[in-house]
């Protein structure tokens, strides 16, 4: 069973995370580094651990993650979605728990594009009648 690999893809903003999960001791590596070293902030590390904490399996799986694009917050959100999707491959009964907490929902918000004739997406230049 240890050679079984579960896969999940997560995306948020411009970030894409590819998650490879195997049964193990709880080692999580992001781009070859410990996930706590890579993400720098405890709040982001907590976001990554949320799906595993929901199913009470923090020490049950070794996780190898490749993530690129975006910033650290977007990458943490992408990793969370990728881990959640990989857990569905492990056991389909996790779906109810993960769905209730909102970990299977893709956050579709992205940066709105800049419009021509304006300095930004919504901002306009100052208007003067005369």
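Yes/no per residue for (1) buried (at least 17 other Cβ atoms within 10 Å of the Cβ); (2) at pLDDT below 95; (3) more than 26 Å from residue 3 (Cα to Cα); (4) more than 11 Å from the chain's Cα centre (by Cα):
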| position | (1), (2), (3), (4) |
| --- | --- |
| 46 | no, yes, yes, yes |
| 56 | no, yes, no, yes |
| 60 | no, yes, no, yes |
| 63 | yes, yes, no, yes |
| 73 | no, yes, yes, no |
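Restricting the stretch 1-12 to residues that are modelled with pLDDT of 90 or more and surrounded by fewer than 18 Cβ atoms within 10 Å (Cβ to Cβ), which is nearest to residue 105 (Cα to Cα)? Filtering the stretch 1-12 for residues that are modelled with pLDDT of 90 or more and surrounded by fewer than 18 Cβ atoms within 10 Å (Cβ to Cβ), the one nearest to residue 105 (Cα to Cα) comes out as 9. Whether a residue is assigned to a loop (DSSP other than H, G, I, E, B) and touching a helix residue (DSSP H, G or I) at 6+ places or on another chain (Cβ under 9 Å) was assessed, and residue 57 passes this test.
Could you check the stretch 91-111 and list, in sequence order, the residues that are in a helix (DSSP H, G or I) and either more than 11 Å from residue 80 (Cβ to Cβ) or in contact with a strand residue (DSSP E or B) (Cβ under 7 Å, 6 or more places away or on another chain) (or both)? Listed by number, the residues that qualify are 94, 95, 96, 97, 99, 100. Cβ-Cβ distances below 6 Å connect no pair with a first residue in the stretch 27-41 that is at positive phi and crowded, with 16+ Cβ neighbours inside 10 Å, a second residue that is in a loop (DSSP other than H, G, I, E, B) and modelled with pLDDT of 90 or more, and a separation of six or more residues or different chains. Taken over the stretch 95-118, the criterion of being free of Cβ contacts under 8 Å to residues at least 40 places away in the same chain and either surrounded by 11 or more Cβ atoms within 10 Å (Cβ to Cβ) or closer than 15 Å to residue 77 by Cα (or both) is satisfied by 95, 99, 102, 104, 105, 108, 114, 115, 118.
This table checks each residue for (1) touching a helix residue (DSSP H, G or I) at 6+ places or on another chain (Cβ under 6 Å); (2) within 22 Å of residue 19 (Cα to Cα).
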residue	(1), (2)
66	no, yes
82	no, yes
97	yes, yes
112	no, no
129	no, no
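Given the criterion surrounded by 18 or more Cβ atoms within 10 Å (Cβ to Cβ), in contact with a helix residue (DSSP H, G or I) (Cβ under 8 Å, 6 or more places away or on another chain), within 19 Å of residue 16 (Cα to Cα) and at pLDDT below 95, identify the matching residue among 52, 87. So the residue among 52, 87 that is surrounded by 18 or more Cβ atoms within 10 Å (Cβ to Cβ), in contact with a helix residue (DSSP H, G or I) (Cβ under 8 Å, 6 or more places away or on another chain), within 19 Å of residue 16 (Cα to Cα) and at pLDDT below 95 is 87. Would you be able to tell me the number of residues in the stretch 24-54 that are assigned to a strand (DSSP E or B) and out of contact with any strand residue (DSSP E or B) (no Cβ under 6 Å at 6 or more places or on another chain)? Residues meeting the conditions: 2.
The values are calculated or read from the model by the stated rules, or taken from the named source; none is laboratory data. The structure displayed is predicted, hence computed values, not measured ones. For neighbour counting, all protein chains shown are included, and Cβ atoms are generated from backbone atoms with ideal geometry for every residue, glycine included.
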